[in-house]
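Here's the structure we're looking at; comments come further down.
What follows is calculated from the coordinates using simple rules that are stated; it is not laboratory data. None of the values given here were measured: they were computed from a predicted structure. Cβ: placed from backbone, ideal geometry, glycine included. Neighbour counts: every protein chain shown.
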Amino acid sequence: MVIAVAALQFPLGGPITLDDKLHLFRHRPDFVCLPEYFSVRPGDRTLRDVEAAIPQRQGELARLSRDLQCVVIGGTMPHPIDGGYANIATIFDNGEVIGSYQKVNPLGREEQRGIIPGRDYRVFAIRGVRVGVLICADVLNPDSFAAMSRLDADIIFVPTVSPYRESDTVFEKDRRDLEIFVNGAQRACAYVVKTCGVKTLFGSRLQGRSGIFAPWGILKRVSPDREDRKLVLSEYLDVDEIRDFKRLMRHDDGPVATSRSVEVVCAS
């Protein structure tokens, strides 16, 4: 089975235009992933500023999945919960919400803003593919990829925002992608699709370097000179190949569950 994936490296808070939809329609993606905090608008300064836009943005993402007849990993939105906020990625399939994941490893400013950690890593069986979601700093915790391995993910989507680094070098960027995402794909025995936001988050400049990774290397990646641009990174992924790789690495020929939207939960 071959699936088409698309990482939408878009400005946070920006619209998904008709031209965007037409571009995606021509590529017929099975899965589309948006950046972390995609619902945060340029003028927002606090998580409370974002709350009012959540229903509208969820409606837009549901319509996107229905119009394209695909699965949309809708970036993330800060949902109010008891004691603070949860940074949640919601999954839409053909216009319906079929699951969500709360970020387990908030970091730095998130904790200062009141983001509360989730407790479970999750994998969803969707359209015959086992789909995991990690959010940004989750990938810095080695146990996150180990959890994806235990849950038998075929592909892991990673909505992300990355702060702009004035003195960052191409060497350091290459090193991080190899150490975090290629090594993470190896630990999980899964494909990894990183989707970065661009422009600004709460007034701070971002750099985006979306990428698509396999255990055997980088399949596709945004070049450093395009890290501030709105673009779509797309690729075809062979699910059977990654499952063959798992069996080779694990020496296990057991069956893989493929029901439409069954959620599997593992405690963090």
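Compute the Cα gyration tensor for the stretch 1-137, then decide on rounded, prolate or oblate, letting a ≥ b ≥ c be the square roots of its eigenvalues: rounded whenever a/c is under 1.5, prolate when a/b is larger than b/c in the other cases, and oblate in all that remain. Can you show the working numbers first?
Numbers: a/c = 2.09, a/b = 1.39, b/c = 1.51.
In terms of gyration-tensor shape, oblate.
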- Return the inverse of the average 1/r over all pairs of distinct C-alpha atoms in the stretch 125-184, which is the Kirkwood hydrodynamic radius, in Å to one decimal. 12.8
- Message: Give me the base-10 log of I(q)/I(0) for the chain at each q in 0.14 Å⁻¹, Debye formula, one uniform scatterer per Cα, rounded to two decimals.
- Response: -0.92
- Task: Could you point to the residue in Pro35, Val71, Ala53 farthest towards the positive end of the stretch 1-78's charge dipole, with +1 and -1 charges on the Cβ of Lys/Arg and Asp/Glu respectively?
- Result: Val71
- Given labels modelled 7 Å from the Cα in the Cβ direction, how far is it in nm from Thr169 to His79? 4.3
- Task: Go through Val232, Thr195, Ala153 and say which Cα lies farthest out towards the positive end of the charge dipole of the stretch 2-267; charges sit on Cβ, +1 for Lys and Arg, -1 for Asp and Glu.
- Result: Val232
- Item | Contour minus Cα-Cα distance for Leu107 and Glu179 (0.36 nm per residue) | 24.0 nm
- Item | Gyration tensor (alpha-carbon) shape descriptor, the stretch 89-161, a/c threshold 1.5 | oblate
- Message: Please rank Arg48, Arg130, Arg57, fewest neighbouring Cβ atoms within 10 Å first, as an exposure proxy.
- Response: Arg48, Arg57, Arg130
- Task: Report the calculated FRET efficiency for His27 and Asp244 (r = Cβ-Cβ distance, R0 = 22 Å), to the nearest 0.05.
- Result: 0.30
- Message: Output wanted: per-residue J couplings in Hz (rounded whole) for the stretch 79-91, from phi through Karplus 6.51 cos²θ - 1.76 cosθ + 1.60, θ = phi - 60°, x for Gly and Pro.
- Response: 8, x, 9, 4, x, x, 9, 10, 8, 10, 9, 9, 10
- Which of these, Ala86, Ala53, Ala62, has the largest mean-square fluctuation under a Gaussian network model of the chain (Cα springs below 10 Å)? Ala53
- Relative to the longest principal axis of the C-alpha atoms of the chain, give the angle of the C-alpha long axis of helix 18-27, reported between 0 and 90° and rounded to the nearest 10°. 10
